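Report on the structure given below.
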Amino acid sequence: MRKISVLLFLGWVCFLFYAGIALFTSGFLLTRLELTNHSSCQELPGPGSLPWGSQGKPGACWMASRFSRVVLVLIDALRFDFAQPQRSHVPGKLPASLPFLGKLVSLKRILEIQPHHARLYRSQVDPPTTTMQRLKALTTGSLPTFIDAGSNFASHAIVEDNLIKQLTSAGRRVVFMGDDTWKDLFPGAFSQAFFFSSFNVRDLHTVDNGILEHLYPTMDSGEWDVLIAHFLGVDHCGHKHGPHHPEMAKKLSQVDQVIQGLMERLENDTLLVVAGDHGMTMNGDHGGDSELEVSAALFLYSSTPLFPSTPPEEPEVIPQVSLVPTLALLLGLPIPFGNIGEVIAELFSGDKDSQPHPSALAQASALHLNAQQVSRFLHTYSAATQDLHVKELHQLQKLFSKASADYQWLLQNPHRTDVTLRTVIAELQQFLRGARAMCIKSWARFSLVRMAGGVALLAAACFLCLLTSQWATSPGFPFCPLLLIPVVWGLAGAIVCAGLLSVNGLKLDSVVLGAVAAVGSLLAFLWKAWAGWGSRRPLATLLPIPGPVLLLLLIRLAAFFSDSFVVAEARATPFLLGSLILLLVAQLHWEGQLLPPKLLTVPRLGSSAPVGSPRHSGTYALRLGVGLLLCTRLAGLFHRCPEETPACHSSPWLSPLASMVGGRAKNLWYGACVGSLVALLAAVRLWLHRYGNLKSPEPPVLFVRWGLPLMALSTAAYWALASGADEAPPRLRALVAGASVVLPRAVAGLAASGLMLLLWRPVTVLVKAGAGTSRTRTVLTPFSGPPTSQADLDYVVPQIYRHMQEEFRGRLEKTKPQGPLTVAAYQLGSVYSAAMVTALTLLAFPLLLLHAERISLVFLLLFLQSFLLLHLLAAGIPITASGPFTVPWQAVSAWALMATQTFYSTGHQPVFPAIHWHAAFVGFPEGHGSSTWLPALLVGANTFASHLLFAGSRLPPPPTLALPV
Amino acid sequence: MGLQTKIALFPPRRLNCPLRCRCVSQISTHGNTMKDTDIKRLLYTHLLCIFSIILSVFIPSFFLENFSILETHLTWLCICSAFVTAVNLLLYLVVKPTASSKKSSLSHKITRFLKCCIYFLMSCFSFHIIFVLYGAPLIELVLETFLFAVILSTFTTVPCLCLLGPNLKAWLRVFSRNGVTSIWENSLQITTISSFVGTWLGALPIPLDWERPWQVWPISCTLGATFGYVAGLVISPLWIYWNRKQLTYKNN
């Protein structure tokens, strides 16, 4: 009964954590569905004929093209004020005092000389302001979120309809030069491309100089329709120096020269677009949604007059995605399917001399096409998911049908007036803006309330765990009543909440319901526990964390609030771990538990009787500590660099062996990997053998004897196949393919069966029963109180053994009265540890298969580390500890730090791009079809392998491990 | 048993006079005045040590061009280490806080000195190894890491060598609970531990993206060690003076 109630209690705690995490992520992770539909030239976005003025023109697609060619110059992180012309005659203000102000003089000149040819806009960027998301937005016209729930796995290529796709399918030649992010986003889309690595943000010039080398020759060659140049220098300068550095002035002057050169070479049929993809903060960073990050510059120029009016005093603010439909229609292309931007109407002023109101009508037709496309997208999207708000969607549809009807009436009615045209344009713009606002609302907004609620719930659950971990060790802790009441309260809260929601006609949200239930049950539990149990004790006993360990834990907590430390966590965690280890050793020495006391007293009285002798030789703990530090440091050699630190080089050992070229080195590495497997296996068997757990005839022991080597053999064979699959002769291809499917599954199956066996018969104690002939009952000397010294221990342990012997004999004599029996039980000391070690080894093999081969060395280090740490902790725990199941805080902190450290040394990083997707294909080389839970399970197991293993190895209580009988 | 009885037999406020004077016993007022003069001596010696560190910052700029702690950090490390070692040796020879051993033949002195040198080198190397284990680069910046180990040894090992001699057992005794037997050892304990803590704290700002010149390895750690050492030098006389009523040193 108690077992079940404890299990239920743990389940309830798990529920609390999951409810908190779900609440937080529902507020934090912006999600959006990617649609794969495409706009096509033949198919108009809505009913109606081709718009006015484009019938019968060649190359017209939805609308006649205004420009046949475009030069798109993308300057990474070109903030709006970098491009803003500085008015030199403002009184009382120093002109261009900052290095980034007023450096783009050519923009200012051209805006003054040719006001009808050029225009500068402040483009409003949607967060997240990272380059990849911005590039997606600038080509699809949509709002990319952190997670774009797409159909493709492990590739960055854009699947949504986009400008580049439309350009290539229309047969235009797209030439690209610059940032190699485009290579991943648009694989094979460019007729000619010059990619330069964007990896090193310290390097200001390589990308820009590379572009400049090719830009003018390509432009003069004329073999292009769309030329895209993505400069990175300004962004890198921001990251390296910040915008206030003189280097930024140089970089912007260089950009100015580029724009000047381009404008001089521009032909009449070409449009020049200079755009920044996002801004930057005062420190030169970006990614968030502050005002400086979301305002970018957008500059348009054509050598023929383009705008009907002169530019306004203060540049107009437009959303960044407006560029997408504008460029599409100007180039005579269909607008990408998922676009939610609104065309910049003043660019569609049409020809000057054909109709009474040509300019306004051309604008209305462009807007109408755009509105039709957005309406079609909203319709398709809302059919696919439930993200969008139904009521607002309905209103928008009504608005659109009215505007559309007005527009159709206008087309048929020859006596249109300027006023009616203006109303139709205003209506269409209202619809487009409404649609965009609705999409932003549902896709691009963090819910701070949910995030804060989730964090609070998680913190409360942590606090609950801390309290119960102290209370539950005391006997008679009332699990059952303490559990029932919160569950009832939680259910009641959930029901009330559901009732309230349904009365108000709101949608039932399972996340909110779960959170309400969790909060209700948690409050009830805390109140009940406090009233019935906690208030009788002083508060200090509830939080028995020793000072130095608490300090380390606090430092670790504080580190999460500094983004530098989040980036450097891979280095900070081993440092903290090392500090904890040395602290443990120093503490042991300080307490005098390392050295015999005669060393610690002044030699004159050295020969006096020892007060309490330490259990180990003097350097034992020191050696353990240094060994641990060495393991930590060696594991640190396997590291993957975070994206943010350019100077860092990732370890080459994280890549799979299949990617190695040299045959000899590959063989050596393969040997090392198999060697580490064998060493792991041998160490585990040696340990079990040393503590006598291999003698018992229980099935788990048999499995350890025969199943583990088999698993190691299959693993080694799988690695051999995986690393050399390409070199296999053609006859054996089928065999190799089959084996690479079967072997990992066999290992996983063996591990699962071994774990089941272990669950069934966890105790590997050898119990021998035989007919005792001349046994005499031993007289037990009474002993009370906990043992305090080695001498006591030497005395007590045999006593316990004898006592148990007597007990067993007495019981057996009761059941079998026919003859006296003796029972001998061996390996009682390592009864818990043996089961746990076996389980961990079983778990380690399938997890190892999910990683690259050379990670096996890290796994070996992991086992070594936990072994050393357990011994170090056991050396420090006095025999008079409160019980074998009390785990000291040092141990818990050390495990947590080690789990994080191994997470990093197995090549992981806590960012989405660093997830090891290839783990999903271990044992399933052909993919999984439509099922998603199995790949998710495999990738999850790969990501959290270290946490799984360390959570498991937390269980063998140190005294039990270190005190084999 | 023998230990406890012996302690119980002696009056509790029995002091081991750390100077060369014979142990003056029993009279508690006398003991207190001895303690006060000791604390004063301790304070003066510590002030001298701090002064030597300050000198190491300012004097080289008269002789070397472009000298500054951050720009020519390695030079400063060497100079500071030399200054502190010299002052420690000088103070040891002048103040002589420990009773010298009976054997004081020249050969004994020489072997003792050689032993001290070997101990110092050993401590430098072991500190270097520990830094590398803590995550310092293995191959790059070897000289920087080693000089850092040298300066940390200067702050910790050299005072130990001066006060306790090349005697590992005495060192281990001083750095354990209830192991100190005099004011000098107590202050040694405090300064050494605060040097280590300063070094450890000095490593914390390295990952921050402030891009300051002192965040480069190992400058922040050496500065942390120096500040820790200076703080220990300041704190230990004050702490001992504050707790002089409670402090009794077992002269067993």
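The values are calculated or read from the model by the stated rules, or taken from the named source; none is laboratory data. Small disclaimer: the values here were computed from a predicted structure and weren't measured. Cβ sites come from the backbone with ideal geometry, for glycine too, and all protein chains shown count toward neighbours. To get the accessible areas, we keep the full protein, side chains included, count just its heavy atoms, and leave off ligands, DNA and RNA. Shrake-Rupley method; radii C 1.70, N 1.55, O 1.52, S 1.80 Å.
Does the range A:373-393 include one or more residues that are open to solvent by less than 30 Å² (accessible area, probe 1.4 Å), part of a helix (DSSP H, G or I) and either in contact with a Cys (Cβ under 7 Å, 6 or more places away or on another chain) or among the hydroxyl-bearing types (S, T, Y) (or both)?
Yes; the residues of the range A:373-393 include at least one that is open to solvent by less than 30 Å² (accessible area, probe 1.4 Å), part of a helix (DSSP H, G or I) and either in contact with a Cys (Cβ under 7 Å, 6 or more places away or on another chain) or among the hydroxyl-bearing types (S, T, Y) (or both).
Determine, yes or no, whether B:I129 is without any contact (Cβ under 8 Å) to a residue 60 or more places away in the chain, open to solvent by 50 Å² or more (accessible area, probe 1.4 Å), within 14 Å of chain A (Cβ to nearest Cβ) and not in a loop (DSSP other than H, G, I, E, B). Spelling it out, B:I129 is indeed without any contact (Cβ under 8 Å) to a residue 60 or more places away in the chain, open to solvent by 50 Å² or more (accessible area, probe 1.4 Å), within 14 Å of chain A (Cβ to nearest Cβ) and not in a loop (DSSP other than H, G, I, E, B).
Check whether at least one residue in the range A:304-318 is surrounded by fewer than 19 Cβ atoms within 10 Å (Cβ to Cβ), among the small types (G, A, S), farther than 30 Å from A:P99 by Cα and touching a helix residue (DSSP H, G or I) at 6+ places or on another chain (Cβ under 8 Å), and report yes or no. Yes, the conditions are met somewhere in the range A:304-318. For the structure I just gave you, tell me whether A:R422 is touching a residue at least 60 places away in the same chain (Cβ under 8 Å), over 24 Å from A:A137 (Cβ atoms), part of a helix (DSSP H, G or I) and open to solvent by 30 Å² or more (accessible area, probe 1.4 Å). Yes, satisfied. Scanning the range B:132-155 for residues that are away from chain A (no Cβ under 14 Å) and charged (D, E, K, R) returns a single hit, B:E144.
Is at least one residue of the range B:134-145 of a type in the set (F, W, Y) and not in a helix (DSSP H, G or I)? Yes, the range B:134-145 has at least one match. Each residue in the range A:409-441 was checked for being among the polar types (S, T, N, Q) and within 50 Å of the chain's Cα centre (by Cα), and 3 pass.
Within the range B:191-200, the set of residues being within 12 Å of chain A (Cβ to nearest Cβ) and either closer than 10 Å to B:L223 by Cα or not in a helix (DSSP H, G or I) (or both) comprises B:T199 only. The one condition from (1) modelled with pLDDT of 85 or more; (2) touching a Phe, Trp or Tyr at 6+ places or on another chain (Cβ under 8 Å); (3) away from chain B (no Cβ under 14 Å); (4) surrounded by fewer than 20 Cβ atoms within 10 Å (Cβ to Cβ) that A:L553 does not meet is (2). Would you confirm whether any residue within the range A:884-893 is of a type in the set (V, I, T), assigned to a helix (DSSP H, G or I) and modelled with pLDDT of 90 or more? The answer is no, given that none of the residues of the range A:884-893 is of a type in the set (V, I, T), assigned to a helix (DSSP H, G or I) and modelled with pLDDT of 90 or more.
Scanning the range A:27-43 for residues that are crowded, with 19+ Cβ neighbours inside 10 Å and assigned to a helix (DSSP H, G or I) yields a single hit, A:G27.
Out of A:V626, A:V611, one residue alone is within 8 Å of chain B (Cβ to nearest Cβ), open to solvent by 40 Å² or more (accessible area, probe 1.4 Å) and at pLDDT 75 or above. It is A:V626. Filtered by the rule that a residue be surrounded by fewer than 14 Cβ atoms within 10 Å (Cβ to Cβ) and modelled with pLDDT of 70 or more, the range A:496-508 gives A:V496, A:G499, A:L500, A:S502, A:V503, A:N504.
Of the residues A:L595, A:L584, the single one that is outside any loop (DSSP other than H, G, I, E, B) and either away from chain B (no Cβ under 13 Å) or at pLDDT below 65 (or both) is A:L584. Of all the numbered requirements in (1) at negative phi; (2) at pLDDT below 85, A:G692 misses one, and that requirement is (1). Residues in the range B:35-67 that are farther than 20 Å from B:L152 by Cα and open to solvent by less than 50 Å² (accessible area, probe 1.4 Å): B:K35, B:D38, B:I39, B:L42, B:P60, B:F67.
When restricted to residues that are touching a Leu at 6+ places or on another chain (Cβ under 7 Å) and farther than 23 Å from B:F83 by Cα, the range B:147-185 contains 9. In the set (1) more than 19 Å from A:A722 (Cβ to Cβ); (2) open to solvent by 50 Å² or more (accessible area, probe 1.4 Å), the condition left unmet by A:W653 is number (1).
Does B:W210 meet the test of being at pLDDT 90 or above, within 14 Å of chain A (Cβ to nearest Cβ) and closer than 30 Å to A:L637 by Cβ? Against the criterion (at pLDDT 90 or above, within 14 Å of chain A (Cβ to nearest Cβ) and closer than 30 Å to A:L637 by Cβ), B:W210 does not qualify.
If you check A:K240, A:K250 for being in contact with an Asp or Glu (Cβ under 9 Å, 6 or more places away or on another chain), surrounded by fewer than 20 Cβ atoms within 10 Å (Cβ to Cβ) and of a type in the set (K, R), only one passes: A:K240.
Can you tell me which residue is farthest from the other protein chains (Cβ to nearest Cβ) among those in the range B:171-190 that are in contact with an Asp or Glu (Cβ under 9 Å, 6 or more places away or on another chain) and closer than 23 Å to B:M122 by Cα?
Across the range B:171-190, the extreme among qualifying residues is B:V174.
Scanning the range B:146-165 for residues that are more than 14 Å from B:V216 (Cα to Cα), part of a helix (DSSP H, G or I) and not β-branched (V, I, T) gives B:F146, B:L147, B:A149, B:L152, B:S153, B:F155, B:P159, B:C160, B:L161, B:C162, B:L163, B:L164. Here A:L215 meets the list (1) at pLDDT 90 or above; (2) hydrophobic (A, V, I, L, M, F, W, C); (3) under 31 Å from the mean Cα position of the chain (by Cα) almost entirely, failing just condition (3).
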